[in-house]
1. State all residues of the range 62-87 that are of a type in the set (D, E, K, R) and assigned to a helix (DSSP H, G or I); if no residue qualifies, say none.
2. I'm checking my understanding of the structure. Among residues of the range 2-61 that are out of contact with any strand residue (DSSP E or B) (no Cβ under 6 Å at 6 or more places or on another chain) and in a strand (DSSP E or B), which one is modelled with the highest pLDDT?
3. Run A91 past the list (1) modelled with pLDDT of 95 or more; (2) in contact with a helix residue (DSSP H, G or I) (Cβ under 8 Å, 6 or more places away or on another chain); (3) loosely packed, with under 14 Cβ neighbours inside 10 Å and report the number of the one that doesn't hold.
Amino acid sequence: MFKGEGGEAERRPDKPCDVVGIGGDETWPMLTEDPRTAAADDMDMARLPALWHGTLRDPIAEASVTGTAAIVLKATGRAATQDEAMALAAAMWTARAPLAEAA
């Protein structure tokens with residue numbers, strides 16, 4: 001189990017993440033030292049499709065997505081280590097929708 005600031009299942013890239021599971025507990029390191037976090041009032045849902053299609057680049061959002069996916073990949077046995085899970089999550093993110101198709 002892991003949770004973001006508001007209790008959602010999300011990895012915050014600017015903080016270490018403690019994961020508690022059946023196979024044991026582990027801490028995942030920070031992915032960025034950028035302390036920027038958006039307040040709930042500032043979130044624009046129109047950014048989600050733009051981020052997905054690659055017309056918007058947001059390294060913090062991308063780190064949150066790939067970091068969260070990496071934890072799930074490791075927890076479900078698709079990756080043996082944190083590094084392997086991060087590499088697989090990054091590859092999955094890159095393969096999601098080619099930028100040429102999004103344009």
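1. Across the range 62-87, the qualifying residues are E62, K74, D83, E84.
2. Taking the candidates together, the pick is D25.
3. (2)
The values are calculated or read from the model by the stated rules, or taken from the named source; none is laboratory data. In this text the structure is predicted, and so the values were computed from the model without any measurement. Cβ sites come from the backbone with ideal geometry, for glycine too, and all protein chains shown count toward neighbours.
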